[in-house]
Amino acid sequence: MKLYDVYPLFDINIVKGKGCHVWDDKGQEYLDLYGGHAVISIGHAHPHYVEMIANQVAQLGFYSNSVINKLQQEVADRLGELSGYDDYQLFLINSGAEANENALKLASFYNGRTRVLVQEKAFHGRTSLAVEATHNPKIIAPINANDHVTYMPMNDLPAWKAELEKGDVCAVMIECIQGVGGIRLVTPEFMQGLRELCDQYDTVLICDEIQCGYGRSGKFFAHQYTGIRPDVITVAKGIANGFPMGGVLISPKFAPVYGQLGTTFGGNHLACAAAIAVLDVMKQDALVENAAKVGAYLMEELKKFPQIKEVRGEGLMIGMEFEEPIKEIRRRLLFEQKVFTGVSGTNVIRLLPPLCLSMDEANEFLIRFKKVIE
Ligand SMILES: Cc1ncc(COP(=O)(O)O)c(C=O)c1O
């Protein structure tokens with residue numbers, strides 16, 4: 001059987017990882033400034049992570065959500081403590097899109113409405129309502145185009161107000177730092193205004209923290225730069241360092257109703273062991289603080305390159321926008337300098353390394369980057 005060919009692939013077979021480095025099947029080492037698309041949070045093959053998963057699978061990999069799973073409560077307790085959302089409730093699923101589907105479903109159960117506002121250039125996933133909420137007509141199939149969603153200009157509060165005051169908006173869904181959209185940031189004033197409007201019109205404020213959350217921005221959540229608390233927060237990617245997992249953090253104002261949300265695999269024992277290991281390492285190694293420190297240094301150094309039009313981001317979520325398409329720079333970084341990076345559109349390189357990136361590794365990246373750019 002052939003694989004269904006959905007991605008253009010680099011001809012590289014990665015077989016091993018350690019910390020911020022990966023190796024191909026020929027033994028070639030690469031510096032990982034991509035983190036497998038913002039997924040590797042605590043670094044590849046962290047010994048505590050390996051041990052927790054190995055022990056758990058030897059004990060019990062999976063059992064049904066119809067019985068108590070104490071590991072889920074352990075994830076919730078540790079996440080509540082580290083994120084500052086101890087008073088919220090946690091629902092666990094398996095991916096980012098699934099987290100957003102459940103967040104929107106919850107919002108609609110809550111206020112009975114069906115309209116959603118998202119930012120222009122938003123990316124919220126590839127499943128039914130999540131893809132409709134994604135501002136890219138090429139990936140919205142006719143079956144997903146159901147007129148629920150309005151795409152709104154970023155940070156333009158009067159435009160959002162004009163829609164919200166119609167009183168029919170179920171939810172607004174915001175990436176405080178847009179990932180796929182090119183590392184664009186909301187302003188605190190916009191988020192504070194939006195919070196007030198959502199309260200006024202009983203609209204649910206959802207922050208999609210799937211890419212920008214879980215320590216990546218140098219705070220646990222990117223919205224914590226804006227001084228607001230959303231009603232619902234969605235997480236995935238870094239939450240289990242590559243083990244498929246997603247989560248929805250739900251404000252106490254939502255009362256759970258049996259049967260409204262559910263899942264077979266979500267929050268299974270193995271996923272929880274991975275998630276607990278991630279939270280352990282994030283706390284022990286102060287990875288949020290590390291992301292803030294190393295990210296600030298990287299941004300400061302990158303701003304010195306006159307070849308880059310603009311450097312944007314927070315923590316270890318950094319976008320470098322060029323006047324020209326970056327395809328060749330990225331290709332040379334990968335094949336000549338052995339550095340993995342990400343991309344957004346045609347002109348933006350995205351850096352999304354593991355949160356344990358050291359100052360030495362940041363400097364190593366700058367040396368390799370300089371060789372390509374100069
Ligand atoms: C902001 C954001 N939301 C949602 C998703 C979808 O996550 P997943 O691919 O796990 O479904 C992504 C994935 O890139 C994302 O960046």
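Table for the structure above
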{"item": "Members of the stretch 130-169 that are within 12 Å of the ligand (Cβ to nearest atom) and either crowded, with 17+ Cβ neighbours inside 10 Å or under 17 Å from the mean Cα position of the chain (by Cα) (or both)", "result": "Ala130, Val131, Ala133, Thr134, His135"}
{"item": "Residue within the stretch 88-96 that is within 12 Å of the ligand (Cβ to nearest atom) and surrounded by fewer than 17 Cβ atoms within 10 Å (Cβ to Cβ) present", "result": "no"}
{"item": "Some residue of the stretch 168-179 being over 28 Å from Leu92 (Cα atoms), not small (Gly, Ala, Ser) and not in a loop (DSSP other than H, G, I, E, B)", "result": "no"}
{"item": "Yes/no for Ala122 being more than 10 Å from the ligand (Cβ to nearest atom) and of a type outside the set (Val, Ile, Thr)", "result": "no"}
{"item": "Single unsatisfied condition, Tyr63 versus (1) more than 16 Å from the ligand (Cβ to nearest atom); (2) buried (at least 16 other Cβ atoms within 10 Å of the Cβ); (3) of a type in the set (Ser, Thr, Tyr)", "result": "(2)"}
{"item": "Entirely in the stretch 13-60, the strands (runs of 3 or more DSSP E) that have 1 or more residues that are hydrophobic (A, V, I, L, M, F, W, C) and buried (at least 19 other Cβ atoms within 10 Å of the Cβ)", "result": "21-24, 29-32"}
{"item": "Restricting the stretch 170-190 to residues that are of a type in the set (Val, Ile, Thr) and buried (at least 19 other Cβ atoms within 10 Å of the Cβ), the residue that is nearest to the ligand (Cβ to nearest atom)", "result": "Val180"}
{"item": "Any pair with Cβ under 9 angstrom, 6 or more apart, that starts in the stretch 163-178 at a residue that is within 16 Å of Gly193 (Cβ to Cβ) and ends at one that is within 14 Å of the ligand (Cβ to nearest atom) and aromatic (Phe, Trp, Tyr)", "result": "Cys176/Phe221"}
{"item": "Per-region count, the stretch 217-236, residues within 11 Å of the ligand (Cβ to nearest atom) and either outside any helix (DSSP H, G or I) or closer than 16 Å to Leu279 by Cβ (or both)", "result": "3"}
{"item": "Test set (1) surrounded by fewer than 22 Cβ atoms within 10 Å (Cβ to Cβ); (2) touching a Gly at 6+ places or on another chain (Cβ under 9 Å); (3) farther than 25 Å from Ile228 by Cβ - Glu120 fails condition number", "result": "(3)"}
{"item": "Where a residue in the stretch 94-121 is within 19 Å of Ala145 (Cα to Cα) and its partner, wherever it lies, is within 11 Å of the ligand (Cβ to nearest atom) and basic (Lys, Arg), with Cβ under 7 Å and at least six apart", "result": "Ala97/Arg126"}
{"item": "The stretch 237-247, subset surrounded by 24 or more Cβ atoms within 10 Å (Cβ to Cβ) and of a type outside the set (A, V, I, L, M), residue farthest from the ligand (Cβ to nearest atom)", "result": "Asn241"}
{"item": "Helices (runs of 4 or more DSSP H) completely within the stretch 267-364 that count 1 or more residues being in contact (Cβ under 8 Å) with a residue 24 or more places away in the chain, of a type in the set (S, T, N, Q) and crowded, with 16+ Cβ neighbours inside 10 Å", "result": "287-302"}
{"item": "Subset of the stretch 251-290 [acidic (Asp, Glu) and closer than 25 Å to Phe62 by Cβ]", "result": "Asp280"}
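Table: residues versus (1) in contact with a helix residue (DSSP H, G or I) (Cβ under 8 Å, 6 or more places away or on another chain); (2) within 17 Å of Asp32 (Cβ to Cβ).
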| residue | (1), (2) |
| --- | --- |
| Ala273 | yes, no |
| Ala277 | yes, no |
| Asp280 | yes, no |
| Val294 | yes, yes |
| Glu300 | no, no |
| Lys309 | no, no |
| Met317 | yes, yes |
| Ser344 | no, no |
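Read-outs throughout are calculated quantities, based only on the coordinates presented, and are distinct from any laboratory measurement. Only a predicted model underlies this, so the values are computations on that prediction, with no experimental measurement involved. We place every Cβ from the backbone using ideal geometry, glycine too, and count neighbours over all the protein chains shown.
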